[in-house]
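Some notes on the structure that comes next.
The values are calculated or read from the model by the stated rules, or taken from the named source; none is laboratory data. In this text the structure is predicted, and so the values were computed from the model without any measurement. As a convention, Cβ positions derive from the backbone with ideal geometry for all residues, glycine included, and neighbour counts pool all protein chains shown. Surface areas here come from the heavy atoms of the whole protein model, side chains and all, with no ligands, DNA or RNA. Shrake-Rupley method; radii C 1.70, N 1.55, O 1.52, S 1.80 Å.
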Amino acid sequence: MKFIPLVNAVLVSATLYALVFERDRLMGFVGSPPAPETATPAEAPPQQAVAVQAVHSVARPVDQAVLTRGQTEAARRVEVRSETSARVISDPLRRGAEVRAGDVLCQLDPGTRLAALAEARAKLTEAQLNATAAEKLQAGGYRSETAAAAATASLQEAQAGLEAATREIGRLTITAPFDGILEDDSAELGSLLSAGSLCATVIALDPIRLVGFVAETEIDRIAPGAPVAARLATGREVTGQVTYLSRSADATTRTFRIEAAVDNPDRTIREGQTVEMRIMAEGTQAHFLPASALTLNDAGDLGLRVAQDGVARFLPATFLRDTPEGVWLTGLPAAIDVIVVGQDYVTDGTALTVTLRDTPPAATVPEPQQ
């Protein structure tokens, strides 16, 4: 009877051994159950569109300007000097006096010049009589051609002497060459002027000249006749046109002289005033947008996020100038939908749900300030 428990113990031990140590072989003998089907990965859910707000912007022509600082200069300046030696017999004109072309600045003492003029006239009369007589005698055969030619030469000499005496008398009256203002007092009464001595300095302030210097990198953008807007140190603003561009650069600064003419009928703009000049150059196409629309891409480039075909795209932009109302940008397509709300939360290729804002009318877009 003790044999049966022993057999049962052996069978249990064999079964446990087979299940623990020979499981793989046993399962292969019995037959493995069918492997479970591999689950196919579920398809990724479609990307959810990001809601943004955008404005439709159309590029518009914008004038650009070359900025420079300079000063005002008289359009004309001349030092009126004496052409002969004599004493001043006229009262002086004071500095700041307005003069017209032909007004007397200095009257000189004629001295013996009037007598010399009378002598020249008398010699001319005598020479004319001699020449007439010589011509008649030569026609009658009573005088040679040589004597007649000598009488004619004497006549011409007397005419030249009279002209020289007349010119000398004319030099005694020194007049203003053009309309202008006296920069200094004219020569004082009783002062002796020699040939080349200063009588007065006359300047013309209408039109006034604006003079500035432009860098060589900007000079090709300027052309004669270009409009110029200028602001004086007093805050007064004036306009004019470019009248001169230097063809030679300053050897030290490598800048080019530029001049503009501005009307100054009341002569309130004085010579030597500091002026800030804005010279209009060839315009370009630019977009006016809020400064908040600007953003950076991963490379650090400045630009805009725009909506194209329902997805976000980054467009690099060139900053032109800013105003209190917004910024002017170039280097962009003619018409774009610029994301103004949510541009920092999207990247290239992000699907968008775009809501267009109303763009301000053109009348409210400020003109670019140079």
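Determine, yes or no, whether Ala115 is surrounded by fewer than 18 Cβ atoms within 10 Å (Cβ to Cβ), farther than 25 Å from Glu271 by Cα and of a type in the set (A, V, I, L, M). Spelling it out, Ala115 is indeed surrounded by fewer than 18 Cβ atoms within 10 Å (Cβ to Cβ), farther than 25 Å from Glu271 by Cα and of a type in the set (A, V, I, L, M). Do we find that Asp348 is open to solvent by 30 Å² or more (accessible area, probe 1.4 Å), in contact (Cβ under 8 Å) with a residue 24 or more places away in the chain and assigned to a helix (DSSP H, G or I) in this structure? The answer is no for Asp348. Taken together, the residues in segment 135-189 that are touching a Leu at 6+ places or on another chain (Cβ under 8 Å), at pLDDT 90 or above and more than 24 Å from Ala116 (Cβ to Cβ) amount to 6.
Looking only at residues in segment 86-112 that are open to solvent by 50 Å² or more (accessible area, probe 1.4 Å) and part of a strand (DSSP E or B), the one that is nearest to Ile203 (Cα to Cα) is Glu98. As an exercise: evaluate Arg270 against (1) open to solvent by 40 Å² or more (accessible area, probe 1.4 Å); (2) in contact with a helix residue (DSSP H, G or I) (Cβ under 9 Å, 6 or more places away or on another chain) and give the number of the one condition it does not meet. Among (1) open to solvent by 40 Å² or more (accessible area, probe 1.4 Å); (2) in contact with a helix residue (DSSP H, G or I) (Cβ under 9 Å, 6 or more places away or on another chain), Arg270 violates only (2).
With the requirement that a residue be over 33 Å from the mean Cα position of the chain (by Cα) and outside any strand (DSSP E or B), what does segment 296-345 give you? If the condition is that a residue be over 33 Å from the mean Cα position of the chain (by Cα) and outside any strand (DSSP E or B), then Asn297, Asp298, Ala299, Asp309, Gly310, Gly342, Gln343, Asp344, Tyr345 are the ones that fit. Filtering Gly31, Gly70 for residues that are open to solvent by less than 90 Å² (accessible area, probe 1.4 Å) and modelled with pLDDT of 90 or more leaves a single hit, Gly70. Applying a threshold of 8 Å to beta carbon distances and a minimum spacing of six or more residues, or different chains, the list of pairs starting in segment 104-131 at a residue that is touching a residue at least 24 places away in the same chain (Cβ under 8 Å) and ending at one that is surrounded by fewer than 17 Cβ atoms within 10 Å (Cβ to Cβ) and acidic (Asp, Glu) reads Ala127/Glu157.
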